[in-house]
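The values are calculated or read from the model by the stated rules, or taken from the named source; none is laboratory data. Since we're looking at a predicted model, the values are computed, not measured. Ligands, DNA and RNA are excluded from the accessible area calculation, which covers all protein heavy atoms including side chains. Shrake-Rupley method; radii C 1.70, N 1.55, O 1.52, S 1.80 Å.
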Amino acid sequence: AGDTNRAVQLVKEFVESYPPRSVLPTPATSTTSSTACVAAAVKPLSSSSLPQLALPARVSLVAAQPLVRLTVNSKIPDTAIPPFLCFKDLEILHHRLVAQSETGSAHERRATKEALRFLTWVCKAYEGHLQRRKDWAMKRR
């Protein structure tokens, strides 16, 4: 029981440090997202243009003609997303809590079910905010 209690406490600390709403796009992250860099026009490189180049958060290739990319925009990872949790990250803890909820005293079972509800909320909250971020990014294109 001590291991699962400590694990749930760590998840709570993580959620305090990186709340689910932190994955939503903000004006600051929208200018540094990878999709903004991909949409930039490609200009020929000349020595006079070097001091005027504004470097994006990611490295951009510059050439006299458009460069060919063999991936779709939706497959390029968004590197501006802060840390988040999904069910896959919490699956083992979830299974241990489910097994623990079937044994022990009534008080322990209630506490375990409360921890399970919290884990469910965490997963769904991050999932929902990530979906909103994805929808926002798709609308920007």
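Across region 86-128, the number of residues qualifying as of a type outside the set (Asp, Glu), under 19 Å from PRO19 (Cα atoms) and either open to solvent by 40 Å² or more (accessible area, probe 1.4 Å) or not in a helix (DSSP H, G or I) (or both) comes to 8.
If you go through region 129-141 and keep only what is of a type outside the set (Asp, Glu) and open to solvent by 30 Å² or more (accessible area, probe 1.4 Å), you end up with HIS129, LEU130, GLN131, ARG132, LYS134, TRP136, MET138, LYS139, ARG140, ARG141.
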